[in-house]
């Protein structure tokens, strides 16, 4: 269930709340073609990691860290503004995934019990979701999953130097 170098861990994406100021203007030829992109990944029903980036670069990253056992964890939240180049790189990478699966990434062969998730694009008030399974091993899924991994790695790399703004402990019910 642990994915080294792919997807670390965190909670469901919420609103980005109060974030740093957005860049003043974005040249039209370089403007993202979405309002926001969100990513979330879970394992066995537990949120591991999530992030959300809007077209202006406002970013939120949430990551879960196990405390005493799998269902007892802490979710740390970080917020910052990404550079336009990073926003465009994420959009470009996730466009690869979207081209390979309008409704899902075809998966005929898979390793069981691997993390799974979804990418959500918001454009002009409409949402489009693309579910994925990181255990998918058929050749046709390689390019879209590699693109998803690369976008997630870019966000995680940028988040590494950003302070945590909120930390919530999640305990099992009962």
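See the values below:
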quantity: Residue within the stretch 162-169 that is closer than 18 Å to residue 43 by Cβ and touching a strand residue (DSSP E or B) at 6+ places or on another chain (Cβ under 7 Å) present; calculated: no
quantity: Every pair of residues 6+ apart whose Cβ atoms lie under 7 Å, when the first sits in the stretch 122-137 and is over 14 Å from residue 40 (Cα atoms) while the second is assigned to a strand (DSSP E or B) and modelled with pLDDT under 90; calculated: 135/110; 136/110; 137/110
quantity: Pairs with Cβ under 7 Å, 6+ apart, first in the stretch 156-174 and within 13 Å of residue 60 (Cα to Cα), second in a loop (DSSP other than H, G, I, E, B); calculated: 156/8; 158/82
quantity: Residue in the stretch 48-66 that is under 19 Å from residue 164 (Cα atoms), surrounded by fewer than 18 Cβ atoms within 10 Å (Cβ to Cβ) and touching a residue at least 40 places away in the same chain (Cβ under 8 Å) present; calculated: yes
quantity: Test for residue 96: is it out of contact with any strand residue (DSSP E or B) (no Cβ under 6 Å at 6 or more places or on another chain) and assigned to a helix (DSSP H, G or I); calculated: yes
quantity: In the stretch 75-89, the residues that are surrounded by fewer than 18 Cβ atoms within 10 Å (Cβ to Cβ) and part of a strand (DSSP E or B); calculated: 80
quantity: Residues that are surrounded by fewer than 17 Cβ atoms within 10 Å (Cβ to Cβ) and in contact with a helix residue (DSSP H, G or I) (Cβ under 7 Å, 6 or more places away or on another chain), drawn from the stretch 90-100; calculated: 96
quantity: All positions within the stretch 121-161 that are part of a loop (DSSP other than H, G, I, E, B), out of contact with any helix residue (DSSP H, G or I) (no Cβ under 8 Å at 6 or more places or on another chain) and surrounded by 14 or more Cβ atoms within 10 Å (Cβ to Cβ); calculated: 135, 137
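The values are calculated or read from the model by the stated rules, or taken from the named source; none is laboratory data. This is a predicted model, so every value here is computed, not measured. Here Cβ is always computed from backbone atoms with ideal geometry, including for glycine, and neighbour counts include all displayed protein chains.
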